[in-house]
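**Student:** To start, I am sharing the structure in question, which I have written as structure tokens.
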Ligand code: FES
Ligand SMILES: [Fe+2]
């Protein structure tokens with residue numbers, strides 16, 4: 001059975017309704033709202049649709065931002081979240097697709113699943129062209145939700161793991177001689193996962209999960225001692241733990257790496 005359906009346009013709407021996309025997502029409503037308010041992820045998680053984003057205003061109500069697409073075309077988008085109606089409306093205020101509205105309703109259906117119904121309203125589309133435009137939006141949203149689901153499911157998994165993280169692993173790891181180390185290496189220390197690397201001849205340990213929202217830092221490429229998180233692009237210097245992209249976020253309580261009696265030893269400090 002397909003995991004989504006595309007419903008044709010309504011005949012009468014002030015702004016022409018061109019179609020509906022419907023899908024059951026394996027996430028909670030809480031994760032959905034968090035993802036909805038999270039404007040920062042757009043150019044990173046949805047790089048094929050967004051190249052840049054610059055937030056103009058944001059809050060619990062939603063956000064407004066200037067975005068560009070990969071062809072450098074700009075628009076201003078506003079998202080308003082209405083929790084009472086379990087829905088959010090995304091409007092394009094100016095630029096590409098100005099005047100279009102996307103209404104998303106979310107229904108929790110138990111078992112940590114949400115049924116979403118996304119309606120696309122696009123100005124000045126003739127009745128004969130609506131089905132085609134609606135299908136194009138549905139294809140786009142199918143991809144956007146594939147990308148969001150991967151992020152939301154991964155984050156939920158990490159949050160659940162943290163809650164049940166009674167499984168304390170070693171507080172000190174002896175890794176043998178430095179010459180024999182295969183780097184980068186993943187390691188678990190005091191219940192947390194890290195990556196051990198060499199930067200300019202120095203050994204450094206950094207968290208496998210991003211301190212911002214638990215993004216998979218371990219999958220990111222390390223370049224000149226800097227690792228960039230794939231979810232929101234925060235960049236960290238792995239030697240100092242500082243965020244070098246301007247956000248107030250840093251690696252905390254980093255394990256210490258030392259060489260003792262010819263062995264590399266990593267020790268937890270938290
Ligand atoms: S999870 Fe947001 S930058 Fe890493
Ligand atoms: Fe998204």
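**Student:** So what's the gap between the Cα centers of the stretch 169-185 and the stretch 11-53, to the nearest angstrom?
**Tutor:** First find each Cα centre; the distance between them is then 43 Å.
**Student:** From zero outward in steps of 10 Å, how is the percent of C-alpha pairs of the stretch 30-79 spread across the bins?
**Tutor:** 27, 55, 17, 1
**Student:** Semi-axes of the stretch 172-267's equivalent ellipsoid from the Cα gyration tensor, sqrt of 5 times each eigenvalue, largest first, rounded to whole Å?
**Tutor:** 23, 13, 11
**Student:** Now for a separate question. Would you mind computing Rg(Cα) / (2.2 N^0.38 Å) for the stretch 103-156, counting N as its residues?
**Tutor:** Computed over Cα atoms of the stretch 103-156, the ratio equals 1.41.
**Student:** Another question, then. Could you calculate the contour length gain from residue 185 to residue 199, that is, 0.36 nm times the residue separation minus the distance between their Cα atoms, to one decimal place in nm?
**Tutor:** That pair, residue 185 and residue 199, stretches by 3.7 nm at full extension.
**Student:** Using just the C-alpha positions of the chain as equal point scatterers, what log10 of I(q)/I(0) does the Debye formula give at each q in 0.11, 0.12, 0.16 1/Å?
**Tutor:** Per q value, in the given order, log10 I(q)/I(0) is -0.73, -0.82, -1.21.
**Student:** Could you tell me how many degrees, from 0 to 90 and to the nearest 10, lie between the Cα long axis of helix 127-163 and the main elongation axis, the longest principal axis, of the Cα atoms of the chain?
**Tutor:** 30
**Student:** Taking 1 over the mean of 1/r across every pair of different Cα atoms in the stretch 179-220, what Kirkwood radius in Å do you get?
**Tutor:** 10.9
**Student:** Taking 1 over the mean of 1/r across every pair of different Cα atoms in the stretch 97-241, what Kirkwood radius in Å do you get?
**Tutor:** Kirkwood radius, the stretch 97-241: 19.1 Å.
**Student:** Out of every Cα pair in the stretch 4-163, what percent are spaced more than 18 Å from each other?
**Tutor:** Across the stretch 4-163, Cα pairs with separations above 18 Å total 61 percent.
**Student:** Write down the Kirkwood hydrodynamic radius of the stretch 67-143, to one decimal in angstroms, obtained as one divided by the mean of 1/r over all alpha carbon pairs.
**Tutor:** With all distinct Cα pairs of the stretch 67-143 included, I get 14.0 Å.
Where a number appears in this text, it was derived from the coordinates with a stated rule and is not lab data. Worth saying up front: this structure is predicted, and the values here are computed from it rather than measured.
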